[in-house]
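First up is the structure itself, then whatever we jot down about it.
The values are calculated or read from the model by the stated rules, or taken from the named source; none is laboratory data. Keep in mind the model is a prediction, meaning the values are calculated, not measured. Neighbour counts are summed over all protein chains in view; Cβ atoms, including those assigned to glycine, are modelled from backbone coordinates with ideal geometry.
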Amino acid sequence: MRTEEHEHVIDVADLRRAYQGGFEAVRGITFQVGPGEVFALLGTNGAGKTSTVEMLEGLAPASGGRVRVLGHDPYRERAAVRPRMGVMLQEGGFPSELTVAETARMWAGCTSGAQPPQEALALVGLERRGKVRVKQLSGGERRRLDLALALLGTPEVLFLDEPTTGLDAEARRNTWELVRSLRDTGTTVLLTTHYLEEAEDLADRLAVLHEGRIASAGTPAEVTASQPSRISFELPEGYALDDLPPLAELGVIGHETAGRVVHLRSHVLQQSATRLLTWAEGAGIELHGLDVRSASLEEAFLGIAREASGATVQEVAA
Ligand SMILES: Nc1ncnc2c1ncn2[C@@H]1O[C@H](COP(=O)(O)OP(=O)(O)OP(=O)(O)O)[C@@H](O)[C@H]1O
């Protein structure tokens with residue numbers, strides 16, 4: 001069966017994973033990934049990303065719920081699904097005495113329908129490093145070799161666990177370019193990352209995991225929009241926070257101060273900014289350092305993690 005015959009390439013419902021001793025690292029997550037989509041799993045350290053990806057790759061059984069990849073249970077029906085998936089683990093763990101070309105050839109020998117190893121190496125810019133031993137590669141080059149090996153079988157679905165960790169800025173951009181071109185040819189990609197700009201740049205949709213649960217999910221724009229925008233400025237000389245119009249009237253839901261700098265949070269940015277500026281204009285005040293911006297994915301991520309941890313924010317009394 002080809003990918004396009006499935007509505008969802010990855011289909012996860014109430015998925016759980018408990019480790020020995022009973023600790024539940026994944027606590028009932030549900031999401032789907034469609035053909036040709038790039039889906040990112042984000043989360044704080046220990047949120048359960050790798051535990052989830054290992055179940056999707058068929059490396060570990062689910063302890064509850066349902067997981068399907070290309071219509072199969074990846075653990076119980078591994079033989080059916082493994083040849084159609086590419087897997088880039090966090091630690092490749094290839095024999096370090098072999099050269100890059102030997103490693104690629106050896107891996108190609110174990111991969112059904114493998115493309116020529118040299119072509120896979122060229123995809124990640126390692127075509128001239130064939131004679132170098134794996135142990136002599138830099139950390140970033142090893143990650144690129146891991147990616148080349150994951151691509152050898154021209155997979156329909158590709159799992160990338162932190163694919164650009166340790167890569168310099170140029171290599172990271174090259175990897176993004178490669179992921180985009182794979183997506184354009186219909187490859188479905190699920191990646192985990194700690195780089196929020198990577199998710200913002202690459203992902204069609206994403207889920208933010210926190211302590212084994214999905215705290216927020218959607219397109220990067222949807223996830224970002226769930227968090228308030230921010231207006232920052234310096235309090236004018238001689239003014240205190242109390243001299244501003246009541247913050248609730250500005251449509252502001254919370255605030256922080258750092259010295260004389262005030263940060264206001266609002267879900268109605270245009271309204272809040274307009275009312276603040278109208279007040280300032282009327283009072284003949286120039287607001288120095290004025291900065292008005294929607295939340296970045298990074299701010300949204302931090303806000304989601306904070307909320308999910310139950311941390312309280314300073315709320316404006318209505
Ligand atoms: N084999 C194991 N036995 C017991 N607990 C484990 C095991 N593997 C992982 N854990 C725990 O499960 C939780 C989730 O770990 P996981 O590696 O899935 O998180 P992650 O989101 O990938 O984290 P990171 O971003 O740090 O890689 C962590 O608290 C971790 O300590």
- Item | Yes/no for Leu147 being in contact with a strand residue (DSSP E or B) (Cβ under 9 Å, 6 or more places away or on another chain) and under 14 Å from Arg172 (Cα atoms) | yes
- Look through segment 184-202, keep the residues that are closer than 19 Å to Val87 by Cβ and away from the ligand (no atom under 16 Å from the Cβ), and return whichever of them is surrounded by the fewest Cβ atoms within 10 Å (Cβ to Cβ). Thr185
- Task: Those residues that are of a type in the set (Asp, Glu) and in contact with a Gly (Cβ under 6 Å, 6 or more places away or on another chain), I need them from segment 201-259; list them, please.
- Result: Glu234
- Query: Scanning for something within 30 Å of Glu7 (Cβ to Cβ) and surrounded by 19 or more Cβ atoms within 10 Å (Cβ to Cβ), does segment 94-108 turn up at least one residue?
  - Reply: no
- Hey, does segment 234-244 have a residue that's assigned to a strand (DSSP E or B), over 23 Å from Leu160 (Cβ atoms) and touching a residue at least 12 places away in the same chain (Cβ under 8 Å)? yes
- Query: How many residues does segment 164-189 hold that are touching a strand residue (DSSP E or B) at 6+ places or on another chain (Cβ under 6 Å) and not in a helix (DSSP H, G or I)?
  - Reply: 3
- If you take the residues in segment 16-68 that are among the hydroxyl-bearing types (Ser, Thr, Tyr) and touching a Lys or Arg at 6+ places or on another chain (Cβ under 6 Å), which one is farthest from the ligand (Cβ to nearest atom)? Ser63
- Odd one out for Val67 among (1) modelled with pLDDT of 95 or more; (2) within 18 Å of the chain's Cα centre (by Cα): (2)
- Kindly indicate which of Glu307, Glu211, Glu281, Glu234 is of a type outside the set (Ser, Thr, Tyr), at pLDDT 90 or above and closer than 30 Å to Val53 by Cβ. Glu211
- Can you confirm whether segment 205-218 contains a residue that is in a loop (DSSP other than H, G, I, E, B), within 16 Å of the ligand (Cβ to nearest atom) and at positive phi? yes
- Message: With the structure loaded, tell me whether Val87 is in contact with a strand residue (DSSP E or B) (Cβ under 7 Å, 6 or more places away or on another chain), modelled with pLDDT under 95 and either assigned to a loop (DSSP other than H, G, I, E, B) or within 16 Å of the ligand (Cβ to nearest atom) (or both) or whether it fails that test.
- Response: yes
- Would it be correct to say that Ala114 is buried (at least 17 other Cβ atoms within 10 Å of the Cβ) and either acidic (Asp, Glu) or in contact (Cβ under 8 Å) with a residue 60 or more places away in the chain (or both)? no
- Here are some residues: Gly71, Gly86. Which one is small (Gly, Ala, Ser) and either touching a Gly at 6+ places or on another chain (Cβ under 7 Å) or free of Cβ contacts under 8 Å to residues at least 12 places away in the same chain (or both)? Gly86
